[in-house]
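Structure first, then comments.
The values are calculated or read from the model by the stated rules, or taken from the named source; none is laboratory data. No experiment lies behind these values; they were computed from the predicted model shown. Here Cβ is always computed from backbone atoms with ideal geometry, including for glycine, and neighbour counts include all displayed protein chains.
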Amino acid sequence: MIRFAVILAMATLIATGSAVAQDNDVAISRSVQQRIAKVYGAGGVRGLEAYQSGFVVSPEGHIATVWSYVLDVEPIVVLDDGRRFESKIIGIEPSLELAILKIEASELPYFEVGKELKATWGDPVLAASNLFNIAAGNESASLMQGVISGITNLDARRGVFKTPYRGKVMVLDLIANNPGAAGGAVVDSGGQLVGMLGKELRDANTGVWLNYAIPIDALRKAIGDIIAGRATTAPPDDTPVLPRDRSHNLTTLGLVLVPDILESTPVFVDTVKKESAAAKADLRPDDLILLLNGARVGDQKTFTELLRRIDRRDAVSLTIQRDSEVLPVRLVP
């Protein structure tokens, strides 16, 4: 009887411990999902999916996400509780494939990005995202369980992956490259943020998809600077519009853009006029203009309007994307 009682007590302790652990896992999972945002924007010139994921990084409504064609328009953000918000893109860092959105909300559950967490090979992780647009309202975001199978440099210089990001990535042993998953959060076993899910990448040589996340260590400073206003790319609204004969325009720079046929046509270069400022700066057809004097230019209308605020005697600084490179370019009239 005594032996049976001991065995029964041990079984009860094991069952209780298992139940407590399970309850803790459920609590962590729910806490993570409450910090995930669904981001809806444009489908790009090829009519791709018009949604992706993000995660809340401040109680005042700052949301980190992947910079992509989805953000060609100011996106709609849907929170875990189903509330919908119009958002503003207050900053981008193209070389990190990072964008920060702002919605008018407060007291939101959020991930702390200031904590230094060292994720390493073999660590168990959860990936939270709105892959395949499974959560359109107050439905919970998707959670996938896996491990970090490696940490390595993402080398785009050899043309293996078409992305401007060149730095360390966490290679994930889970299927994280599904449509809509980009911009989601990767957390450790305690629910702490360790990375952001990257965009869909495919090896140009082998056709193998890469499941990866950008470590939060690589994004921390940029997120903090944008939230604090130290690195905003919002267009200036206090600079006066100059008369047309004094301001820059496409002709003064020697640029011809692709036809403006969409609601929000990206600023792709079509041709460059010979001997122009653009030609001397080595701008080329198919270059995508991202920033003008530090301000984001998501469409051609914004680009031409910003040029009206720059004296045509002044140099113009551009940030462009050429294939998988992000380059600074300075046009001197």
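A few comments on the model shown:
- Every residue from segment 117-133 that is surrounded by fewer than 21 Cβ atoms within 10 Å (Cβ to Cβ) and either on the phi > 0 side of the Ramachandran plot or modelled with pLDDT of 90 or more (or both): G122, D123, P124, F132, N133
- Exactly one residue out of N205, N211 is surrounded by 16 or more Cβ atoms within 10 Å (Cβ to Cβ), on the phi < 0 side of the Ramachandran plot and not aliphatic (A, V, I, L, M): that is N211.
- Screening R312 with (1) touching an Asp or Glu at 6+ places or on another chain (Cβ under 9 Å); (2) surrounded by 14 or more Cβ atoms within 10 Å (Cβ to Cβ); (3) over 15 Å from T239 (Cα atoms) gives one miss only, at (3).
- Out of G91, G114, G82, G137, sole residue that is small (G, A, S), buried (at least 21 other Cβ atoms within 10 Å of the Cβ) and in contact (Cβ under 8 Å) with a residue 40 or more places away in the chain: G91
Okay, residues lined up against (1) in the same structural domain as I320 (by TED's automatic domain parsing); (2) touching a helix residue (DSSP H, G or I) at 6+ places or on another chain (Cβ under 6 Å); (3) not in a loop (DSSP other than H, G, I, E, B):
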| residue | (1), (2), (3) |
| --- | --- |
| A128 | no, yes, yes |
| G137 | no, no, no |
| V169 | no, no, yes |
| V187 | no, yes, yes |
| N205 | no, no, no |
